[in-house]
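The values are calculated or read from the model by the stated rules, or taken from the named source; none is laboratory data. Since the model is a prediction, treat every value here as computed from it, not as a measurement. As a convention, Cβ positions derive from the backbone with ideal geometry for all residues, glycine included, and neighbour counts pool all protein chains shown.
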């Protein structure tokens, strides 16, 4: 009996292999049928190999074992080599940083000069509507926590860019907020950035909100004070966005990674302020917030804390995944800019975006290539160097 089992067992591996191949390929055929319109195979040339290339890419990216294999390899790589996929820098004790912070673009100086030039234009456009522009440059996570980098890792190149950006804003007459100082001075009290996420913590967001309020007395801008009470509205647990550069959420606990947690806050108007709303919709936004996911994502409660600290309602027009410029362009070129008599526009601006293609992606439609950008800003760079 045991001899027969041993004899038959040699067929087990081929049976499993060909069985999996059959199931996987049948599944791929159904997926191919469902996605045929998106693939547009009819528009591709069979003779030139375009159709074969598209099918090959589809086949490789949709195999059943692809994702689990990547996750397992990622987990093993982290455990053995203490590293992750391209896009992440692994620091000490579970601290992760986005690779973007450590990349020095060859045209970073041109990008900075062009960015300052456009910000100056935005300031003028807003001033024509009696609005004041305030920029909140956000430092890189590695700039605030350099001690969490491994010994062979260097401090972020974005650190210097922060000061260059702030100095450039001063040169063009645009006010800015010292968010870096606010985060550095409070990091010993609690985490101001999340260990496994790109973004700040609710505590860090609150410290910047306090710095904004202290730097901007709203009475100076003709804004009527409206009392807000900040209250906890719950708590949320989630996997940091940099964890996906290590392995999947299912395998993350097995390699020693933990979820992040954040307390959620809501800014509520006091009772006397609510009474006026009973007699009509008199909503007025004296303050508009433009920014990235640091402001748009409710997990950080930035806008709620900003309302409470400023004692003013805030219209949050920040957007996730589009960088800092696109939301500003959407506001300036949209209808909301004329709907309220806004007095103050606060622009949250992570400095790590300077030098990235996404920053001025909107201008690609205008065919503003690098040569044209260089031509536009070269005199401005020389002017600053001479000055």
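Would you point out the residue of the stretch 239-251, among those that are touching a residue at least 40 places away in the same chain (Cβ under 8 Å) and more than 23 Å from residue 192 (Cα to Cα), that is surrounded by the most Cβ atoms within 10 Å (Cβ to Cβ)?
247
Could you tell me whether the stretch 105-120 includes any residue that is at pLDDT 90 or above and more than 27 Å from residue 171 (Cβ to Cβ)?
no
Kindly check whether there is at least one residue in the stretch 214-230 that is surrounded by 21 or more Cβ atoms within 10 Å (Cβ to Cβ), more than 26 Å from the chain's Cα centre (by Cα), within 12 Å of residue 306 (Cβ to Cβ) and at pLDDT below 95.
Yes, the stretch 214-230 contains a residue that is surrounded by 21 or more Cβ atoms within 10 Å (Cβ to Cβ), more than 26 Å from the chain's Cα centre (by Cα), within 12 Å of residue 306 (Cβ to Cβ) and at pLDDT below 95.
Could you tell me whether residue 320 is closer than 16 Å to residue 129 by Cβ and surrounded by fewer than 18 Cβ atoms within 10 Å (Cβ to Cβ)?
In short, no.
Could you check how many residues of the stretch 307-342 are farther than 22 Å from residue 268 by Cβ and not in a loop (DSSP other than H, G, I, E, B)?
11
May I ask you to verify whether residue 130 is in contact with a helix residue (DSSP H, G or I) (Cβ under 6 Å, 6 or more places away or on another chain), assigned to a loop (DSSP other than H, G, I, E, B) and surrounded by fewer than 18 Cβ atoms within 10 Å (Cβ to Cβ)?
Spelling it out, it is not the case that residue 130 is in contact with a helix residue (DSSP H, G or I) (Cβ under 6 Å, 6 or more places away or on another chain), assigned to a loop (DSSP other than H, G, I, E, B) and surrounded by fewer than 18 Cβ atoms within 10 Å (Cβ to Cβ).
Among (1) surrounded by 14 or more Cβ atoms within 10 Å (Cβ to Cβ); (2) closer than 29 Å to residue 92 by Cβ; (3) modelled with pLDDT of 95 or more, which single condition is residue 161 missing?
The number of the failed condition is (3).
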